[in-house]
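Below is one structure, written out as structure tokens, with a few remarks after it.
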Amino acid sequence: MDPHIPPYAPASPGALASSAVEPLLTREFDADPAPVYERLREKYGPVAPVLLLGVPVWLVLGYDEVLSVLRNQRGLWSKRVADWRDHAQGRVPADWPLLPVYQSTGTPFQEGAAHAELREAWAAGLQPFQSRARPQARRLEDEIRGHADELLDLLAEGGPDGFADLSAQYARPLAVMACNRLIGFDATTDEAVVDIWRVVDAGPGADAALARLTGGIGRVVAARHRPGDDLPSGMLAARPELTAEQIATEMVNVISTLGDMGSSLICNTIVEVVAGDAGARVGLATGMVGETVNRAAMAKPPNTNMTFRFARADTALGGVAIAAGDPVMASVAAAHADPRFADALDPHSVNSSRAHLAWGAGPHRCPADELATRIVTIAVERLFERMAELELGLPVDQLPWRSSPLMRGLRSLPVRYRLHERPTAAAQAAPPQATESGEPDEDARGGRQSPIARLVRALLRQGS
């Protein structure tokens, strides 16, 4: 028997609803969720009842308890919305903001044979890109380094030092180009690239952008007469019965994992190196960039809270009775801060940060975690190789974080920087001539601007 799982205990279906009186999402939570988690831990222990946008849910705060739920070794926890009692009984409002997430038919919300078959397709499709022995993986790494250098060269166009938003001008476009490459869009399809960013940002226009992306991905897959060198082709080769619509739904997970979580982890790692725990700087200084990324994922996980699991039977967790059909939300951020697990952040420990849960654990662990971590590592490594000086443009406690129950990412990352000189032909070329509108001429330097340059300028315009 798994020692992390408490013994069975009966529960009343009304226990959660009658206990959940404290809203989770408050101004305090938006500003800094850590004190909220600690107050709940002190009051309730490792499992606390909360209201999430008016819906009662058990918030799992303890590291051992979160790990138990994610591993699901006894099959107690389901990701299927059909196993949510209150939803089945019509007590969840139809317009509840997060309901579309849980109604997805994608891999993260499947169980049993359907989940196993989709995971098989993911494993086959990702293998060429995650195995560094494969040429596709090496080419992708080279492309990511090239895009990173191009983005940093764009910063250098205005001189070797200045101010920048490393979210809009580095992390997000780099993650978007990775999504673009894996999904198989033509890299010159600017609208598709910007739509990926719109979905990642989850701001105005995200729903329409997602509809265009899903339709566009479906058309790309349906029109392809022979396999390409991309993730959808690999998944279809493994599971030919998958429809274009199913593949398009799965590609939304690429956008979430690499686009949103990936770009957020790049920014969170930069903040952790510049102003956070000494262990992150030690890892970077000794060339252990992967360790630096792991420490940032421990201290500032981009996915602070996992999507719901639903109890399949009456049970107990952390000394709390959970009724069949109750939703539980495993809090990765709270688990990492569990005092029982505090030694994992010891800056003198080399291996402790590998115990982070930022990519999940168990059967629903992110299938692209290795690839996403490698892309983040390349991004961080290339940035600090090129930077001679880097400091935050705002005090760390004034950085603008997004308001979300699931993610902890920056809206922007303002910095002051100075780049090392890079005497390449591209860097020494004459700057592009400005048009009457003040925008650089797309035909300067003998051709159109690269897609990534146009993307950055589009992002900056949208953010202004």
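The values are calculated or read from the model by the stated rules, or taken from the named source; none is laboratory data. Everything numeric here is computed off the predicted structure, so don't read it as measured data. So basically every Cβ, Gly included, is an ideal-geometry build from the backbone, and we count neighbours across all protein chains shown.
In the list ALA113, ALA121, ALA133, which residue meets the criterion of being assigned to a helix (DSSP H, G or I), more than 19 Å from the chain's Cα centre (by Cα) and free of Cβ contacts under 8 Å to residues at least 12 places away in the same chain? Of ALA113, ALA121, ALA133, the one residue that is assigned to a helix (DSSP H, G or I), more than 19 Å from the chain's Cα centre (by Cα) and free of Cβ contacts under 8 Å to residues at least 12 places away in the same chain is ALA113.
Selection of segment 353-364 for residues being closer than 15 Å to ARG309 by Cβ and either of a type in the set (Val, Ile, Thr) or more than 14 Å from the chain's Cα centre (by Cα) (or both) yields ALA361, GLY362, PRO363, HIS364. Among the residues making up segment 82-110, those that are part of a loop (DSSP other than H, G, I, E, B), surrounded by fewer than 21 Cβ atoms within 10 Å (Cβ to Cβ) and touching a strand residue (DSSP E or B) at 6+ places or on another chain (Cβ under 7 Å) are VAL92, TRP96. Taking helices (runs of 4 or more DSSP H) as the structural unit, those lying wholly within segment 18-81 and holding at least 2 residues that are surrounded by 15 or more Cβ atoms within 10 Å (Cβ to Cβ) correspond to 33-44, 63-71.
The combined condition, being under 30 Å from LEU59 (Cα atoms) and not in a helix (DSSP H, G or I), is not fulfilled by PRO240. Any idea which of PRO367, PRO400 is modelled with pLDDT of 90 or more, farther than 30 Å from ALA311 by Cα and of a type outside the set (D, E, K, R)? None of the others qualify; the one that does is PRO400.
Considering each of LEU284, LEU265 in turn, give the residue that is surrounded by 22 or more Cβ atoms within 10 Å (Cβ to Cβ) and out of contact with any Leu (no Cβ under 6 Å at 6 or more places or on another chain).
Going through LEU284, LEU265 in turn, the sole match is LEU265.
Yes/no matrix, rows are residues, columns are (1) among the hydrophobic types (A, V, I, L, M, F, W, C); (2) touching a Phe, Trp or Tyr at 6+ places or on another chain (Cβ under 9 Å):
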site	(1), (2)
VAL36	yes, yes
ALA48	yes, yes
ALA82	yes, yes
ASP86	no, no
ARG91	no, no
PRO100	no, no
THR107	no, yes
ARG119	no, no
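Against the definition (surrounded by fewer than 23 Cβ atoms within 10 Å (Cβ to Cβ) and at pLDDT below 95), how does LEU174 come out, yes or no? Answer is no for this residue. Contact map, segment 274-296: first residue without any contact (Cβ under 8 Å) to a residue 24 or more places away in the chain and over 21 Å from LEU166 (Cβ atoms), second residue of a type in the set (A, V, I, L, M, F, W, C) and crowded, with 18+ Cβ neighbours inside 10 Å, Cβ cut-off under 7 Å, separation 6 or more or different chains; the map is empty. Among residues of segment 332-364 being at pLDDT below 90 and of a type in the set (A, V, I, L, M, F, W, C), the one that is nearest to LEU126 (Cα to Cα) is ALA355.
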